[in-house]
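Quick notes on the structure that follows.
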Amino acid sequence: QVQLVESGGGLVQAGDSLRLSCAVSSRTFSNYWVAWFRQVPEKEREFVAAISWRGGTTRYADSVKGRFTISRENAKNTVLLQMNSLKPEDTAVYYCAANSRTYSTARLSYDYWGQGTQVTVSS
């Protein structure tokens with residue numbers, strides 16, 4: 001069983017930065033991929049970024065490439081999402097997710113989800 005708890009959301013202005021954290025609790029986590037998704041009302045949950053726990057390989061959606069950075073802190077079992085140059089269109093509920101198989105941008109590929117954290121970017 002894997003439990004994910006997000007934190008770090010908030011209200012910021014366009015151009016500001018914010019860092020989200022995802023605390024992961026699991027007995028065996030070394031083979032997992034951990035991803036961030038985001039969702040706005042009445043839209044599909046969309047992939048933002050992912051990282052492999054074992055090797056640290058990262059992947060990004062085109063919309064955030066160059067602005068967001070995903071990383072992991074092994075000792076703390078935490079995945080971070082550093083978000084810079086935020087735009088109003090980044091406003092969403094951000095979710096942390098994990099799967100034990102392989103990299104995927106598909107929501108249905110992920111077995112475990114956090115409760116989400118709200119990020120609001122004002123113009």
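Points worth noting:
- Taken across segment 60-70, residues that are touching a Phe, Trp or Tyr at 6+ places or on another chain (Cβ under 6 Å), modelled with pLDDT of 95 or more and not charged (D, E, K, R) do occur, with at least one present.
- Residue in segment 49-59 that is over 15 Å from LEU4 (Cα atoms) and among the charged types (D, E, K, R) present: yes
- From SER30, SER122, SER109, SER71, residue being within 20 Å of ASP16 (Cα to Cα), over 14 Å from the mean Cα position of the chain (by Cα) and not charged (D, E, K, R): SER122
- Here VAL119 passes the criteria (1) over 20 Å from ALA14 (Cβ atoms); (2) in contact (Cβ under 8 Å) with a residue 40 or more places away in the chain except the one numbered (1).
The values are calculated or read from the model by the stated rules, or taken from the named source; none is laboratory data. These numbers come from a predicted model, not from an experiment. All Cβ positions, glycine included, derive from the backbone under ideal geometry; neighbour counts span all protein chains shown.
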